[in-house]
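Asker: Quick one: the structure is below, questions incoming.
Throughout, read-outs are computed from the coordinates displayed, never taken from laboratory work. The shown structure was predicted, so the numbers you read here are calculated from the model rather than taken from an experiment. Positions of Cβ are backbone-derived with ideal geometry, glycine not excepted, and every protein chain shown enters the neighbour counts.
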Amino acid sequence: METKIIDGKQIAKEIRIELKHKVKELMAQGYPQPKLSVILVGNDPASETYVRNKIKACEKVGIESEQILMDASVSQETLLAEIRRLNEDPSVNGILVQLPLPKQIDVDAVIQTIDPAKDVDGFHIENVGSMTVGDGRGYIPCTPGGVIELLKRSGITIDGKQCVVVGRSNLVGKPAAILLLQENGTVTICHSHTKNLTEICQGADILVVAIGRAHFINGSQIKEGAAVIDVGINRTDAGLVGDVDTASCMGIAGAITPVPGGVGPMTIAMLMKNTMEAYQVQNHIA
Ligand code: NDP
């Protein structure tokens, strides 16, 4: 079987182009430029790279971006005060606080302080609630949203399929499972206590892996023709690798995402999409 490589970079580019046209069109009608504010605390190199890529994506789409740098020793009160200031600023459509945060900061307090209408990461409990009940309001978290978008834009039907999600984090695994369920997949969630992981993965038409362990899933654990979505990003001596051993899946999987160049670029594209949604809602644009 020929395995199709799902080109997340290309699909993300298509989304950015669609959004760029939208920004241009709305600004031509007299609407203000959309704006995303990104708070980066400390100088973790991986976080700096993620933020840089988000700022670059804003530039490509035509979204104004603002980077707010805070010292790693910043107090929780100062950080929350900054978020409240951005909540009140009508020129700011989306707010993102880059995770992880230093130990002295209560991450949950930070997320819950962001105005849900500006929470373009989709982590606020109101947005999580909206996603879970599927009421169509609020923002879908970017990485799981990107997984669904990748499947759809690659022509992979979710409806009626056996979907297996390996990983149950609040940021990736759980929301990915909820979104697959809303697309009428039959969903199984696996985690570190799952007894017969290989057997369950072998039954998956769509396998989403988000555990954070380099090359944990290999070709012997997947079904012939399966769509394999590798969310993992692991820094190894050999560079960035996913949670799936892609090479061993070639010729077995029907389609697979590479790492890098699969889910990663989609996460940022979905952030741009959420920022545009926030902007449209805040400007009463249908
Ligand atoms: P977490 O560490 O929060 O969660 C990992 C999950 O994997 C947990 O649910 C854990 O189970 C499960 N797990 C760990 N080991 C095993 C195992 N041996 N068998 C089965 N399940 C296991 O990670 P995240 O969800 O935040 O991230 C997962 C990966 O995705 C990471 O590599 C991360 O870098 C990447 N990522 C990529 C993004 C992108 O844009 N491409 C964005 C966000 C994350 P349990 O709950 O039982 O502990």
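Asker: Scale the Cα Rg of segment 132-190 by the rule-of-thumb value 2.2 N^0.38 Å and send over the ratio, two decimals.
Answerer: Values: Rg = 10.7 Å, N = 59, 2.2 N^0.38 = 10.4 Å.
Computed over Cα atoms of segment 132-190, the ratio equals 1.03.
Asker: Alpha carbon centre of segment 44-59 versus segment 1-28: separation in Å?
Answerer: 18 Å
Asker: Can you give me the C-alpha center-to-center distance between segment 142-162 and segment 204-244, rounded to a whole angstrom?
Answerer: 16 Å
Asker: Let me ask something else. Report, in listed order, any pair from K24/K152; K56/K223; K4/K35 with a Cα-Cα distance greater than 28 Å. Write out the running numbers ahead of the final one.
Answerer: Values: K24/K152 26 Å; K56/K223 38 Å; K4/K35 36 Å.
In this structure, K56/K223; K4/K35 lie more than 28 Å apart at Cα.
Asker: Using Cα pairs under 8 angstrom and six or more residues apart, how large is the relative contact order of the chain, in percent?
Answerer: Computed over the chain, the figure is 22 percent.
Asker: If you line up the long axis of helix 263-282 against the longest principal axis of the chain, both from Cα atoms, how many degrees apart are they, to the nearest 10?
Answerer: Here the helix axis deviates by roughly 40 degrees.
Asker: Right, here's the next one. Based on the mean of other Cβ atoms within 10 Å per residue, sort peptides 251-257, 280-286, 110-116 so the most packed one is first.
Answerer: Descending mean neighbour count gives 251-257, 110-116, 280-286.
Asker: Report, to the nearest 10°, how far helix 76-88 tilts away from the longest principal axis of the Cα atoms in the chain, using its own Cα long axis and a range of 0 to 90°.
Answerer: Once rounded, one gets 80 degrees.
Asker: What is the order of H193, H124, fewest Cβ neighbours within 10 Å to most?
Answerer: Ranked by crowding around the Cβ, least crowded first: H193, H124.
Asker: Using the 10 angstrom Cβ neighbour count as an exposure proxy, how do H215, H191 rank, fewest first? Please report the intermediate quantities before stating the final value.
Answerer: Numbers: H215 19, H191 14.
Arranged by neighbour count, lowest to highest, H215, H191 become H191, H215.
Asker: Follow-up. Please arrange L79, L207, L240 by counting, for each residue, the other beta carbons lying within 10 Å of its beta carbon, fewest first.
Answerer: Placing the least packed residue first, the sequence is L240, L79, L207.
Asker: A follow-up question, please. Order 164-174, 228-238, 62-72 from most to least packed using the mean count of other Cβ atoms within 10 Å.
Answerer: Most protected by this proxy first, the peptides run 164-174, 228-238, 62-72.
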